[in-house]
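The values are calculated or read from the model by the stated rules, or taken from the named source; none is laboratory data. Bear in mind that the values here come from a model prediction, so they are computed numbers and not experimental data. Reconstructed Cβ throughout: ideal geometry from the backbone, glycine too, with neighbour counts over all protein chains shown.
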Amino acid sequence: MELNTLKNAPGARKNRKRVGRGPGSGHGKTACRGHKGAKARSGYSRHFGFEGGQMPLHRRLPKRGFKSLDRFPVAAVNVDTLGKVFPEGAVISAEEIIQAGLAYECKGGVKVLGRGELAKKLTVKVQAVTPGARAKIEAAGGSVELVGYAAQSAKE
């Protein structure tokens, strides 16, 4: 095999379709666009969801639902998880919980839930706490302090 004998595989290179170049080309007259209609004309581009003039599905179906602008999602962490990860007497903030990998950063901050038991004295400073979680933390000798939402502190 020599460089001057290399060829493309059969069918690898096709001639391009020259449309609208007369009847001899096989693609003359309507240039493969059919007769009349939007697709036959220049400048046509169909928008997403177009159904040929029929009322599209997204407009036929009723509007449904509501998303409050005041609601911010919160990351949830359980009391037993805090007891496993943090040492006795630790002061735990939302940032430390996120850094420890126990929760993702959310606009609404961190909420402590009451699953499991807690035997360590912890000081917890988060955005929200359930009544059961507060009772377990305080029963173990710890304390709970609520701080403002991350979204509200970002505005100030």
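Among the residues making up the stretch 1-56, those that are β-branched (Val, Ile, Thr) and either under 49 Å from the mean Cα position of the chain (by Cα) or assigned to a loop (DSSP other than H, G, I, E, B) (or both) are 19, 30.
Taking the criterion of being in a strand (DSSP E or B) and either among the hydrophobic types (A, V, I, L, M, F, W, C) or more than 19 Å from residue 145 (Cα to Cα) (or both), would at least one residue in the stretch 63-71 satisfy it? Checked the stretch 63-71: no residue is in a strand (DSSP E or B) and either among the hydrophobic types (A, V, I, L, M, F, W, C) or more than 19 Å from residue 145 (Cα to Cα) (or both).
Quick one: which of 2, 51 is surrounded by 11 or more Cβ atoms within 10 Å (Cβ to Cβ) and not assigned by TED's automatic domain parsing to the domain that holds residue 145?
Details: 2 fails: surrounded by 11 or more Cβ atoms within 10 Å (Cβ to Cβ).
Checking each option against the conditions leaves just 51.
Taking the numbered list (1) part of a helix (DSSP H, G or I); (2) of a type outside the set (Val, Ile, Thr); (3) not assigned by TED's automatic domain parsing to the domain that holds residue 117 in turn, residue 84 passes all entries but (3). When the stretch 100-120 is filtered for residues that are farther than 28 Å from residue 70 by Cβ and surrounded by fewer than 14 Cβ atoms within 10 Å (Cβ to Cβ), the ones remaining, listed by number, are 101, 117, 119.
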